[in-house]
Amino acid sequence: MENQSAKPKKTILNYGVILGVVSVVMGVIAYVLNMHLEPHWGFMVVGILIFAGFLIYGIKNFKNENGGFLSIGEALKVGLGIALIAALIGAAWTFALTTIIEPDYMEQMAEVQRDQMLENFPDMTDEQMDNAMEMNAKFTSPWITMAFGIVGNLFIGFMIALSAGAVRKQRSPYEV
C-alpha cells in the first residue's frame with residue numbers, strides 16, 4: 001500500500017476564502033450597525049470563535065483528505081494558510097473602508113481614542129494628551145492597520161493551528 005498524501009492548497013484556498021468573506025460580512029455588519037469604531041466585546045468574541053472554527057474545521061478536513069493522517073507541520077501549514085488568505089481579504093476590506101467608504105475613518109478613530117483616554121485618565125494634561133495622540137497617529141495609517149491585522153491573524157492562526165495539530169496529529173505508518 002502506498003502513502004496517501006493530500007495537497008493542502010485546495011483546503012487552504014477554500015477555507016481561507018470563505019473565512020475571508022465571512023470576516024468582510026462581519027465588518028459590513030459592524031459598519032451598518034455603526035459599531036466599526038467601537039465594537040462590542042461580544043462581536044469580537046464571535047469573530048474569534050468563527051475564526052477558530054474555520055481553522056480547526058479546515059485542519060480536520062485536510063486530515064480526512066489525507067487518509068486520517070496529520071502532522072503538526074501540516075496542521076500549521078493549513079492553519080496559517082487559511083489565516084493568511086482570510087487576513088488578506090480582511091485587509092482589502094479594511095483598505096476599502098478606511099480610504100473609499102469612510103475616508104475620514106482614521107480621524108474618527110483618533111477622536112474615539114481621545115475620548116477614551118480622557119475618560120480613563122482624567123488628570124492627563126493637554127500636553128500629555130497631544131503627545132499621546134501624536135504617537136497614536138504614527139500607528140494608525142491604513143497600511144499600518146492592515147499590517148497589524150495580518151500579523152495578528154497569523155499569530156492567532158499559529159496558536160490555533162498548533163493546538164489543533166497537537167490534538168489531531170496522527171502519524172502515518174508510511175513515514176520514516
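Bear in mind that the values in this text are calculations on the coordinates, not laboratory data. In this text the structure is predicted, and so the values were computed from the model without any measurement. Don't worry about glycine lacking a Cβ; one is built from the backbone with ideal geometry, like all the others, and counts go over all protein chains shown.
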Given labels modelled 7 Å from the Cα in the Cβ direction, how far is it in nm from Ala92 to Ala110? 3.0
If I model a spin label as a point 7 Å beyond the Cα along the Cα-Cβ vector, how far apart are those points for Trp143 and Val45 in nm? 3.8
Out of Leu97, Ile50, Met26 - ranked by how far each Cα lies towards the positive end of the dipole of the chain, with unit charges on the beta-carbon of charged residues - the top one is Ile50
Give me the angle, in degrees from 0 to 90, between the Cα long axis of helix 126-138 and the longest principal axis of the Cα atoms of the chain, rounded to the nearest 10. 30
On C-alpha positions alone, give me the angle between the axis of helix 8-32 and the longest principal axis of the chain, in degrees, nearest 10. 30
Counting other Cβ atoms within 10 Å, which chymotrypsin sites (Phe, Trp or Tyr not before Pro) in region 86-176 have at most 10 and lie in a DSSP loop? Phe139
Region 75-93 versus region 104-118: alpha-carbon centroid distance in Å: 29
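What do you get for Rg/Rh over the chain if you use C-alpha atoms and the Kirkwood form of Rh?
Using Cα coordinates only, the ratio equals 1.11.
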Just to confirm the number: angle between the C-alpha axis of helix 142-168 and the first principal axis of the chain, 0 to 90 degrees, nearest 10? 30
Note down the magnitude of the dipole of the chain about its Cα centre, charges +1 on Lys and Arg C-beta and -1 on Asp and Glu C-beta and zero elsewhere, to the nearest 20 debye. 1620
